[in-house]
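Below is one structure; the comments refer to it alone.
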């Protein structure tokens, strides 16, 4: 499995290191199917019609691909996906990473 170091520059209050694994093509296709997502013409995942259930499903599947978590946000220090979920400060980052995992390291639409 290929790994990707997540760029945290858009998350000004979050510092540290986050590495995610990128699943193979067939694994990503299965994830798309399970979330009821569609492929765009350029091969990226079109999540513009996502539902709350699709987001929950994707997040559940994506959590196993958070291979290294060592993040700080103010006084908060987390070292796992489970710890990230306890703090709303990491919600946007979790969503971004789930999209990166599904799109093989590229942000989707």
- Please report the relative contact order for the chain, taking Cα pairs under 8 Å with a sequence separation of at least 6, and give it as a percent rounded to a whole number. 33
- Item | Projected-area mean, the chain, by convex hull of Cα positions, square nanometres | 6.5
- Message: Output the 0 to 90 degree angle, nearest 10, between the alpha-carbon long axis of helix 91-102 and the longest principal axis computed from the alpha carbons of the chain.
- Response: 40
- Could you give the angle, 0 to 90 degrees to the nearest 10, between helix 52-62's Cα long axis and the longest principal axis of the Cα atoms of the chain? 70
- Note on the structure: Rounded to the nearest 500, the 222 nm mean residue ellipticity computed for the chain from DSSP H runs (n ≥ 4, each -39500 (n - 2.57)) alone is -10000 deg cm²/dmol
- On a 0 to 90 degree scale, rounded to 10, what angle separates helix 25-35 from the longest Cα axis of the chain? 90
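Pop the C-beta distance of residue 87 and residue 25 into the FRET formula with R0 = 22 Å and round what comes out to the nearest 0.05. Show your work: numbers first, answer last.
On the way: r = 33 Å, r/R0 = 1.49.
The computed FRET efficiency comes out at 0.10.
Rule-based calculations on the coordinates, nothing more; no lab input. This one's a predicted model, so the numbers in the text were calculated from it and none came from an experiment. Please note: Cβ atoms are built from the backbone with ideal geometry, for glycine as well, and neighbour counts cover all protein chains shown.
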